[in-house]
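Trainee: To start, I am sharing the structure in question, which I have written as structure tokens.
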Amino acid sequence: MRSSLALSLCLLLPFLVTAILLAGGLFRRQPNASPGPGFFRRNGPAVSIYLVIAVSAWVFLTIVFPQIAMIDLSFHPNLPPKKIGGPEDVFTLENYRYFVFGPVSSTGSLNTLHLGAYAATITASVAVTALNFILCYPIAFYMAQSALPRALRRLIILLILPYWINEVLRVFAVRLLLSDAGIVNRMLLATGLVGTPVDFIGNNVGLYWGLSYTCILTMVFTLYNALESLDKSQIEAARDLGAPWWHVHMFIVMPYAKPGIASGCALTFMSCVGSIAAPLVLGGPRTLWFTPVIYDRFYQALNWPLGAAYAVILLVSCTVFVLLSLRILGLKLGQIAR
Amino acid sequence: MPDNIGATAKSGVVELSDLEVRYGDFQALQRTNLKIESGEFFSFLGPSGCGKTTLLRTISGFQSPTLGQVKIGGIDMRAAGPNMRPTALIFQNLALFPLMTVAENIGYGLRVRGVPRRDRDVTVSRLLDIVSLLGHGAKKIQELSGGQKQRVAIARALAVEPSVLLLDEPLSALDLKLRQYMRAELRAIQRRIGITFIYITHDQAEALAMSDRVAVMNAGRIEQVGSPRSIYSAPETPFVASFVGENNIIRGRIKRFDGTEATISTALGDFTGRAAGNLHCDQPAAYFVRPEALTPYQPSHETCFAGEIVEILYEGNSSQVTLRMPDGEKLIARSVTSMTASPMLGERLRVGCNRADGIVMAIEGSHP
Ligand SMILES: Nc1ncnc2c1ncn2[C@@H]1O[C@H](COP(=O)(O)OP(=O)(O)O)[C@@H](O)[C@H]1O
Ligand SMILES: [Mg+2]
């Protein structure tokens, strides 16, 4: 019942919003209203109505309603379908308590397994983000400021090409590369640098590799976008005044690109925290990433409310983390969307 | 520490020896030999695209020469990057740092050199005073007017105490009044500080008004170097004669040449004037005479032109009169009104000048 109501709301809302905006548009068309053509006048009625429907459908169907459903679910107990909506279906914080303290029956005082996975995921994602920034900044700078058009086109194709392949396949390829019998280990053995194969998967080199690889494109292109508009003469002026290269980057280029850097780091961090293929395939036996934990709540433990609670915890804490970081950097959310 | 080269190269003598710059196959700067003295205000004047910026970037180290060398203060700059040269460049677009305040912009070069904040502040306020911007130090760059930005750029460059200041058309973005004011200002700053200024412009009035010496450039080549007066009154090439100031050009062939004077025979008759360079008989040549040298004809004039008035432009303190010559070509004369009762369109007018006012110069083929 609840779901059918939600569904009908989902489908109706875009039309409702359209109607409201249309009314607003008509209202604004009154003489001596705002100067300049309004939204509807500028785009024509067909395009305008399409835009309103498409955007509101996008916002409500893919973002607002699923998240509301998820949040709602996370505050309910795990019940068989028959009992949903019955007297036992009450508001509860049990799922959130479970994340911190574990099952009521457990002996430990804290749910160390899941808390640990959560902390490890956040830490590793911060590390991967930092690593990615260090890897991508020089590439993006070269692309934006020094590459000739031909070299730039070639480089962009080289960067994009691997992403035509599905992520799961790419991650498996990294696993093959780094496995005990993989090319890297065979080369290391052949050159005699190591006596026994290096356990790249076990000590998480593979995981970091795979995660960085997954996020490189986001980072490079966000940084490129930010650096491209920097006037070359700014850099030359700093050089001319005697600045060594590191000083130019630290005090001229990076401050200029700060919104882009923040945006790239936020995107990388979020997609890193939320990635699932790389941790599943490349995570060592001792590594517990938080997304597989969520996945397991849904499909192994079949406890959807608990999974929902975990997903909400991850989403909310990461959003807060990113917003706080922006705040510390003195940036507004609007600035990073340039 | 960063400018150990700058420390030893205190003198601002700039020497260019056999300097050439190519971009791929394109020769942007032809072989150039030139010495600019310490403390000189030296201008490069030429049309857009003639290689002025290229030359300046080569001196400042952003462009490496294809051949030859740049010496500053007697030291070869081959191995010194732009951050190691005793030069400071004022960019065509100023290139001020938009995220810094005026004071931070001016102090940037000192900050790079590790000058402590307190000493930096002292220098910055002294420079703000020099460029008449005291009290503007805390402002953002966007809050300044065009002329103020200009002066911040100058102060920022002077802060690092360069031996040579390089200026790339710094006034071209300003309106006329401000440009004239900044001309005087720049010249005054240069006198006060006494360092070498190398100034680039396509505006001949600017170059003539400010410089000790001017080099006129055309298509990557320096055509003539000299004082503003000699550039204006004794051009050595047809390009200089027509680019610097206005000139009437009457084509013909050399009839007589005696080493200092030459006579040219044209469709309008024979004219005698100063000879520029070595000429020989029957060579294609032209007679150049400036509009302001042509005054209403008097018996004492050695040269005379007569034509029909086809245009009169009143310019306040003078007028410009265009005459059509018998051969159909136009001849422009200035300052005619003050002498005659106001001339009328369609009237015949005789104007004249003396031998010393005309220059006879060889021209090649299609050259003006
Ligand atoms: N980096 C470059 N690569 C190729 N050609 C260039 C480059 N920079 C300038 N040029 C060419 O060299 C010539 C001189 O340019 P420039 O020195 O900027 O002239 P100016 O400053 O006198 O206008 C122009 O024809 C220009 O197109
Ligand atoms: Mg230029």
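Trainee: Given a 1.4 angstrom probe, I'd like the percentage of the accessible area of chain B that is carbon and sulfur, rounded to a whole number.
Mentor: Of all accessible area on chain B, carbon and sulfur atoms account for 50 percent.
Trainee: Same structure, new question: Averaged across the residues of B:89-95, what count of C-beta atoms belonging to other chains lies within 10 Å of each residue's C-beta?
Mentor: The per-residue average across the peptide is 4.
Trainee: Which of the aspartates and glutamates could a cross-linker bridge to B:K255, judged by Cα under 13 Å and excluding same-chain residues fewer than eight apart?
Mentor: Correct list for B:K255: B:D270, B:D282.
Trainee: Among the lysines, which fall within straight-line cross-link reach of A:K332, defined as a Cα-Cα distance under 19 Å, with same-chain neighbours fewer than 8 residues apart omitted?
Mentor: A:K258
Trainee: A further question follows. Which helices of chain A meet both criteria: a Cα extent of 20 Å or more along the helical axis and a mean Kyte-Doolittle score no lower than -0.5, with helices taken as whole DSSP H segments? Walk me through the numbers before you get to the answer.
Mentor: Details: long enough: A:2-28 (38 Å, 1.69); A:112-141 (42 Å, 1.43); A:205-228 (32 Å, 1.06); A:254-274 (29 Å, 0.84); A:304-328 (36 Å, 1.93).
Length and hydropathy pass: A:2-28, A:112-141, A:205-228, A:254-274, A:304-328.
Trainee: Right, next: Put simply, what bits of the range B:148-162 lose 20 Å² or more of accessible area when the other protein chains are there, versus the chain on its own (1.4 Å probe)?
Mentor: B:R156
Trainee: Additional query: Pick from A:T218, A:T62, A:T129: which residue has the top mean-square fluctuation in a GNM of chain A where Cα pairs under 10 Å get a spring?
Mentor: A:T62
Trainee: Using a cut-off of 11 Å between beta-carbons, work out the net charge of the residues near A:I201 (Lys and Arg +1, Asp and Glu -1, A:I201 not included).
Mentor: Numbers: positive: A:R175, A:R286; negative: A:D180, A:D199.
Its environment carries a net charge of 0.
Trainee: Now a separate question. Can you find, among A:L177, A:N95, A:A262, the residue farthest towards the positive end of the dipole of chain A? Put +1 on the C-beta of Lys and Arg, -1 on that of Asp and Glu.
Mentor: Positive-end residue among those listed: A:A262.
Trainee: Right, next: State to the nearest 20 debye the size of the charge dipole of the protein assembly as shown about its Cα centre, where the only charges are +1 on K and R beta carbons and -1 on D and E beta carbons.
Mentor: Numbers: 63 positive and 50 negative charges, 295 e Å.
Roughly 1420 debye, rounded to the nearest 20.
Trainee: Mind listing, in residue-number order, the residues in the range A:234-249 that have at least 50 Å² less accessible area with every protein chain present than in their own chain alone (1.4 Å probe)?
Mentor: Residues losing area: A:Q234, A:E236, A:R239, A:D240, A:L241, A:G242, A:H247.
Trainee: Please build a GNM for chain A, connecting alpha carbons under 10 Å apart, and tell me which residue among A:A309, A:A301, A:A277 fluctuates the most.
Mentor: A:A301
Trainee: Taking 1 over the mean of 1/r across every pair of different Cα atoms in chain B, what Kirkwood radius in Å do you get?
Mentor: Details: mean 1/r = 0.0434 Å⁻¹.
The Cα-based Kirkwood calculation yields 23.0 Å.
Trainee: Dipole of the range B:247-362, Cα-centred, from +1 at each Lys and Arg C-beta and -1 at each Asp and Glu C-beta, to the nearest 20 debye?
Mentor: Details: 12 positive and 13 negative charges, 24 e Å.
It comes to approximately 120 debye.
Trainee: Connecting C-alpha atoms closer than 10 Å in a GNM of chain B, tell me which of B:R324, B:R253, B:R221 has the biggest fluctuation.
Mentor: Top of the fluctuation ranking is B:R324.
Trainee: Over the protein assembly as shown, how many percent of alpha carbon pairs lie in each 10 Å bin up to the one with the longest distance?
Mentor: For the protein assembly as shown, the binned pair fractions read 3, 10, 14, 15, 14, 14, 11, 8, 5, 4, 2, 1, 0 percent.
Trainee: Let me ask something else. Give me the accessible area of A:C265, 1.4 Å probe, in Å² rounded to the nearest 10.
Mentor: 40
Trainee: Near B:L178, within a Cβ-to-Cβ distance under 12 Å, what is the net charge of the other residues, with Lys and Arg +1 and Asp and Glu -1? Mind dumping the intermediate values first?
Mentor: On the way: positive: B:K149, B:R151, B:K177, B:R179, B:R183; negative: B:D175, B:E185.
So the environment of B:L178 carries a net charge of +3.
Trainee: Between A and B, buried accessible area summed over both sides at probe 1.4 Å, in Å² to the nearest 100? Walk me through the intermediate numbers first.
Mentor: Details: alone 20170 and 17080 Å², together 35510 Å².
The buried area between A and B, both sides summed, comes to about 1700 Å².
Trainee: For A:I53 and A:L333, what is the calculated FRET efficiency with R₀ set at 30 Å and r taken between the beta-carbons, to the nearest 0.05? Don't skip to the answer; put the middle values down first.
Mentor: Working: r = 26 Å, r/R0 = 0.87.
Using R0 = 30 Å, I get an efficiency of 0.70.
Trainee: Then there's this: So what is the accessible area of the range A:112-337 per residue, in Å², with the probe set to 1.4 Å? Each step should come with its number before you reach the end.
Mentor: Numbers: 11130 Å² over 226 residues.
Per-residue accessible area for the range A:112-337 comes out at 49 Å².
Trainee: In addition: With every protein chain kept in place and ligands, DNA and RNA left out, what is the accessible area per residue of chain B? Probe 1.4 Å, answer in Å². Could the numbers behind the result be given before it?
Mentor: Working: 16250 Å² over 368 residues.
Value returned for chain B: 44 Å² of accessible area per residue.
Trainee: Which helices pass in chain B if a helix is a full DSSP H run, must span at least 30 angstrom along its long axis by Cα, and must have mean Kyte-Doolittle hydropathy not below 1.0? Can you show the working numbers first?
Mentor: On the way: long enough: none.
The qualifying helices: there are none.
Trainee: Quick one: pull the percent of accessible area on the range A:112-337 belonging to carbon and sulfur, 1.4 Å probe, ligands and nucleic acids left out.
Mentor: On the way: 7940 of 11130 Å².
Result for the range A:112-337: 71 percent of the exposed heavy-atom area is carbon or sulfur.
Trainee: Just to confirm my numbers, what's the Cα centroid distance between the range A:103-171 and the range B:219-267 in Å?
Mentor: Cα centroid to Cα centroid, the span is 69 Å.
Trainee: In the range B:5-233, how many lysine pairs have Cα atoms under 19 Å apart, counting only pairs 8 or more places apart or on different chains? Could the numbers behind the result be given before it?
Mentor: Working: B:K10/B:K35; B:K10/B:K71; B:K35/B:K52; B:K35/B:K71; B:K52/B:K71; B:K139/B:K149; B:K140/B:K149; B:K149/B:K177.
Pairs that pass both the separation and distance tests number 8.
Trainee: When all protein chains stay in place, what accessible area (Å², nearest 10, 1.4 Å probe) is found for A:H76?
Mentor: 30
Trainee: Let me ask something else. Determine by what factor the alpha-carbon radius of gyration of chain A differs from 2.2 N^0.38 Å, reporting the quotient.
Mentor: Numbers: Rg = 25.2 Å, N = 338, 2.2 N^0.38 = 20.1 Å.
Normalised Cα radius of gyration, chain A: 1.26.
Trainee: Probe radius 1.4 Å, ligands and nucleic acids left out: which of A:L113, B:L313 has the largest accessible area, and how do the rest follow?
Mentor: On the way: A:L113 110, B:L313 70 Å².
Descending accessible area places them as A:L113, B:L313.
The values are calculated or read from the model by the stated rules, or taken from the named source; none is laboratory data. Note that the coordinates shown come from a computational prediction; the quantities given were computed from them, not determined experimentally. A quick note on method: Cβ atoms are made from the backbone with ideal geometry, for glycine too, and the neighbour counts reach across all protein chains shown. In case anyone asks, the SASA skips ligands and DNA or RNA and just uses the protein heavy atoms, side chains included. Shrake-Rupley method; radii C 1.70, N 1.55, O 1.52, S 1.80 Å.
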